[in-house]
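A quick write-up on the structure given underneath.
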Amino acid sequence: MKLAGLLVCVGCQFAATAQSDDLEQQLDTAVRASTERAFFGAVLVARDGHVLFRRGYGRDVAAHAIDSGTLFDVGSIAKQFTAAAILLLEHRGKLSTDDTIDEFFRVPEDKRAITIHDLLTHRSGLPRMVRFDESERDDRDAALRRILQLEMLRPPGEAFEYSNAGYHLLAILVEQLSHRRFETFIRRELFHKAHMEHTGFVADERLDPDAAAPRWEGRRDEHYHDTALCWAWHWGFRGAAGVVTTIDDLHRWHCALQSGEVLPRPVAEKFFACRDLGTAPGWEVSETDRGTRRFSHSGRCYGFQSLFVRWPDEDACLVVLGNTESKLAPLDVDVERILFSMPPLPERLEGVPGSYELPDGGGRFDCDVVDGRLRLRAVGVDAVSRLLHGEHAGDPFNRTAFERRAVTRVVAHAAEHDDWNACLDRHGKFRRAEWIGTLPETHTSWLRATFGDASIDWKVTWDDEREVAALERAESCPFEVRPRWLCGTRFTMPSVDGLRRIDIEFESDRRSTTLHWRDVRELACERARR
């Protein structure tokens, strides 16, 4: 279905209305398929200045229906406002993004080469988080000292390392150069000019407390009755998180970026310039199969998760704000397919499923398509380590030798296990067991057992003597992930520990398929021979 048919009246009004209803139904189906019954939130889809879909799902703790005016904490989506503020200051001659931070702060030797651009694109080498003492949280100078004392993970500019600490530093720079509080600068220069009247920060008394969604992590959660506005606001959040907004206001932000109403043209060009692979200031960047650009950022904080995707070349956007009880990752793929009439993902992945072996026998990645999405499973010590951390972390626990013996021990223990015997009765003869992996610094492992034609995952707990202490069927496995589609046969995902971004690309031909694991270095995995 061509979207133009929804926006241009061709033929009778009834036909246009029917097409619009059909699009809404497709989008609603996509939302419900990506979320679960416990989800409450709001979703907006727009294109060419028209809101095509705007809907709330569920109710808050006071039984109020969620709608387009409900306030949510959008977590890391806040970073794009910090980035825009820095670029505005550059436009006004206050700084250059190529400046090193030692031009503005007294910094130790290991941080003198960090540029503002490095901070904007998470290449500073600073760690992800910084923990402030209570006395430092509201003291800008103390917060600055704490950040500059952090141990560097890598030399500046070497590699992508997602860093909230870097964005706290940018917020300090905004205050220092503008001579205004960070919140005041963002409100006046960005929110106000974009007509975002229902946007502010946590603990913001300007916003309506009755419109704030609850921070819902489950009914037993001690913060169950807190809302998007009820949270701490200090230098542990400023610049990196803490913006509270609505789906309508984020759509207004998209429209303001499209029209140039907020950012002058030179600033906007830099805001969306992808100088480093996959990143622009405050955004993740990719190219679509249509040759257009896709900018996105997700957010997750206590009680909330969010997703904001823009296709600026096609004047389209998706906004999803909700609680943490659902996985939103596939929704942007489905919405993009609906908006731009792309074939379903499984058709685009024909020939990709299979097993891909790491060099030197370090394990493998099993790939298949489940419910229209790519699933990647790590098997073996090296593969598990790369999925957990984004790179090989060694084998300090001597797990390789341990795991060679472990399968035999588990199978022997399982002979008297009721669930194991139930699998024998239901699926047939036990054929084989294969080790999946062990979580680092734990006594917990997973293995996959095959009964007849059924493969079932099991969770194993070990005692201090490395004997089986418990065995149970696994509801889920930490070594199984669902990468997010970028374009073609390119995917991206965070490492399981959340500290690294991993890009995956399948190169297919009739003879072989190679998987490239991109982080600090590229890792090629060849398809296993059958």
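The values are calculated or read from the model by the stated rules, or taken from the named source; none is laboratory data. Since the model is a prediction, treat every value here as computed from it, not as a measurement. Every residue, glycine among them, receives a Cβ derived from its backbone with ideal geometry; neighbour counts consider all protein chains shown.
Conditions (1) over 18 Å from Gln80 (Cα atoms); (2) modelled with pLDDT of 90 or more; (3) part of a loop (DSSP other than H, G, I, E, B), marked per residue:
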{"site": "Gly125", "(1), (2), (3)": "yes, yes, yes"}
{"site": "Gly157", "(1), (2), (3)": "yes, no, yes"}
{"site": "Leu169", "(1), (2), (3)": "no, yes, no"}
{"site": "Ile172", "(1), (2), (3)": "no, yes, no"}
{"site": "Phe185", "(1), (2), (3)": "no, yes, no"}
Seminar exercise, completed: Exception for Lys459 within (1) free of Cβ contacts under 8 Å to residues at least 24 places away in the same chain; (2) under 30 Å from Arg294 (Cβ atoms) falls at (2)
For this session: Determine which member of the set Phe201, Phe160 is touching a strand residue (DSSP E or B) at 6+ places or on another chain (Cβ under 9 Å) and closer than 17 Å to Lys111 by Cα.
Result: Phe160
Exercise. Among all residue pairs at least 6 apart or on different chains, which show Cβ distances below 8 Å where the first residue, located in region 464-476, is under 15 Å from Ala406 (Cβ atoms) and the second is of a type in the set (A, V, I, L, M) and modelled with pLDDT of 80 or more?
Worked result: Val468/Val410; Val468/Val460; Ala470/Val460; Leu471/Val410; Leu471/Ala414; Leu471/Val460
Problem set entry | Residue match in region 229-250 (condition: touching a Leu at 6+ places or on another chain (Cβ under 7 Å), in a helix (DSSP H, G or I), under 25 Å from Thr121 (Cα atoms) and modelled with pLDDT of 90 or more) | no
Seminar exercise, completed: Over region 364-388, the set of residues touching a Lys or Arg at 6+ places or on another chain (Cβ under 7 Å) and either of a type in the set (Lys, Arg) or at pLDDT below 70 (or both) is Arg373, Arg375, Val381
For this session: Evaluate region 71-92: report whether one residue or more is surrounded by fewer than 15 Cβ atoms within 10 Å (Cβ to Cβ), basic (Lys, Arg) and either in a helix (DSSP H, G or I) or within 28 Å of the chain's Cα centre (by Cα) (or both).
Result: no
